[in-house]
Amino acid sequence: MLSLPESRTEPGPAPGEGTGNGTAQHRGAAVIRVLSYNIRSMRDDRAALARVIRACAPDLVLIQEAPRFFRWRKTTEKLARAAGLVHVTGGATAAGPMILSSLRAHVERTEDILLPRTPGLHRRGFATAVVRIGGARLGVLSCHLSLAERERYAQAGLLLERLAALDVPYAVAGGDLNDRPDGRSFRRLAGSLTDAWAARPWGGEFTSTPREPHQRIDAIFTTDGVEVLGCGVPHGLPGVREDDLTAATDHLPVLAALRVPASG
């Protein structure tokens with residue numbers, strides 16, 4: 001079976017201990033699990049969806065296509081509870097993107113952003129937060145980019161701007177890009193950020209569609225300084241069942257283990 005580093009906080013240095021070796025450099029850092037998942041407004045098997053999320057044991061979940069209409073808050077709270085998580089921000093207030101977290105995360109601030117609307121196209125947005133996990137301080141952004149190529153490319157640029165505007169030393173962004181790695185928008189993001197799958201592939205690559213995966217249109221990106229320990233679709237991860245992956249929604253999830261340095 002596949003394995004992926006567990007979430008943990010690495011012990012701080014002993015009094016008077018320097019940081020001249022690799023072990024000491026990591027001390028005080030947080031190893032976190034980040035899951036990106038398009039859940040198709042929870043129109044499929046909700047129990048399977050919750051089982052997949054819980055089995056991935058994430059610290060942060062970057063959701064796309066969260067419920068946005070009647071009693072959407074109640075519906076997403078039920079998902080969060082079933083997965084052992086809490087709602088941080090997003091949902092209808094961000095036009096679909098949402099962030100969930102474990103109790104390990106201390107939330108400093110959140111902001112939901114609605115992007116400029118193109119007539120005739122679906123409204124898009126970002127869910128963003130700044131959290132502390134262990135000694136690490138991390139910006140977080142969940143996105144779902146447009147189906148239209150020109151609008152998608154502009155939104156990729158806005159994503160980079162918003163990530164920088166979080167004004168934190170380290171950040172992670174993830175979501176449904178509606179673009180493949182050779183597409184303009186995907187390349188725009190990968191040109192400024194680290195594509196976690198490309199940096200340290202683990203598990204499966206393709207995220208669409210669950211029954212016949214043939215393309216990678218969902219991804220997790222990190223800023224400089226965040227070490228990718230592994231990233232991919234969690235096929236074979238203990239507790240993640242293939243029948244749940246195909247029943248939960250019309251995308252496969254992307255799971256990354258990241259080492260985030262301690263912040264001053």
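The values are calculated or read from the model by the stated rules, or taken from the named source; none is laboratory data. The structure presented is a predicted model; accordingly, all values stated were derived computationally and were not measured. Cβ: placed from backbone, ideal geometry, glycine included. Neighbour counts: every protein chain shown. For the accessible areas, the whole protein counts, side chains as well, though only heavy atoms, and no ligand, DNA or RNA atoms are used. Shrake-Rupley method; radii C 1.70, N 1.55, O 1.52, S 1.80 Å.
One table, with the values for the structure above:
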| item | result |
| --- | --- |
| J(HN,Hα) series, region 93-100, from Karplus relation 6.51 cos²θ - 1.76 cosθ + 1.60, nearest Hz, glycine and proline x | 5, 10, 6, x, x, 8, 10, 10 |
| Simple spin-label estimate for ARG132 and SER263 in nanometres, 7 Å along Cα-Cβ | 0.9 |
| Shape of region 38-130, Cα gyration tensor, a/c cut at 1.5 | oblate |
| Residue-averaged 222 nm ellipticity for the chain, from DSSP H runs of 4+ at -39500 (n - 2.57), nearest 500 | -7000 deg cm²/dmol |
| Check: region 17-156 dipole with +1 on Lys, Arg Cβ and -1 on Asp, Glu Cβ, in debye | 440 |
| Cα shape, region 144-264, gyration tensor, a/c 1.5 rule | oblate |
| Correct choice for mean projected area of the Cα convex hull in nm² that was computed from the model, options (i) 15.8; (ii) 17.3; (iii) 13.7 | (iii) |
| Loop-located trypsin sites (Lys or Arg not before Pro) in region 179-212, at most 14 other Cβ atoms within 10 Å (DSSP) | ARG211 |
| Estimated vicinal HN-Hα couplings, Hz - region 238-247 in sequence order (Karplus 6.51, -1.76, 1.60; Gly, Pro = x) | x, x, 8, 8, 5, 5, 5, 4, 7, 8 |
| Inter-probe distance in nm under a simple model that places probes 7 Å from Cα toward Cβ, at GLU108 and GLU161 | 2.3 |
| Cut-off under 5 Å, modelled amide H: who pairs with HIS144 long-range | GLY125 |
| Label-to-label distance, nm, for residues given as LEU2 and ARG211 (7 Å Cα→Cβ offset) | 2.2 |
| Per residue accessible area in Å² of the chain, where ligands, DNA and RNA are left out and the probe is 1.4 Å | 43 |
| Anisotropy class of region 155-221 from Cα gyration tensor, a/c 1.5 cut | prolate |
| Highest-MSF residue in the chain out of GLY135, GLY191, GLY203 [GNM, Cα springs under 10 Å] | GLY191 |
| Computed accessible area, HIS144, all protein chains, 1.4 angstrom probe, square angstrom | 20 |
